[in-house]
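Visitor: Sharing a structure here in structure tokens format.
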Amino acid sequence: MLNNMTKCDLMLVLLRDFHNDRSAAIRCDRLAALLDLEPRQVQRLVHKLRHEGHPICRDVDGYYYASCPEDIECTARWLMTLGWCIQKTACAMLTAADLDRNASCALVMMEEAINSL
């Protein structure tokens, strides 16, 4: 059975069955070592699993499969803030280079959206 499983499948099983609570979080580097992956590859797999709808959460102790809605909400808000910070940086660069006069307007709209959360 293990021979037919992808690294993504294995990671899902590890998180869902053994790291299924904030108190059982596993650090990215440890997960990478268990799966014989680089940490960046683990991050990509987490991204893929989240896109598939799996509640993979993260805190200072590492990744875990969420067992309560509050953990999912906390991680979702962190991800939204992270995305907003990236968009804010892109808008600032475009505005500074005078490449997109609408970027500053978009920046204001993004700030308002984040503040409404």
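Visitor: Once you put a point 7 Å from the Cα of ALA96 and another 7 Å from the Cα of LYS7, both along the Cβ direction, what distance in nm separates them?
Guide: Placing both labels 7 Å along Cα→Cβ, they lie 3.5 nm apart.
Visitor: Can you check what the net charge comes to around LYS48, using other residues whose Cβ is under 14 Å from the Cβ of LYS48 (Lys, Arg +1; Asp, Glu -1)?
Guide: That sum, taken over residues with Cβ under 14 Å, equals +2.
Visitor: If you don't mind, another one. Determine which residues of the stretch 11-49 fall in the zone a paramagnetic label at CYS68 would reach in this model, i.e. backbone nitrogen under 19 Å from the point 7 Å along Cα→Cβ.
Guide: 16-26
Visitor: Measuring from the lowest to the highest alpha carbon on each principal axis, how far does the stretch 1-79 reach, largest first, in angstroms?
Guide: 35, 21, 21
A short reminder: the numbers here are calculations on the coordinates, not readings from a lab. Every value quoted in this text rests on a predicted model; they were computed, and no experiment measured them. Cβ atoms come from the backbone with ideal geometry, glycine included; neighbour counts cover every protein chain shown.
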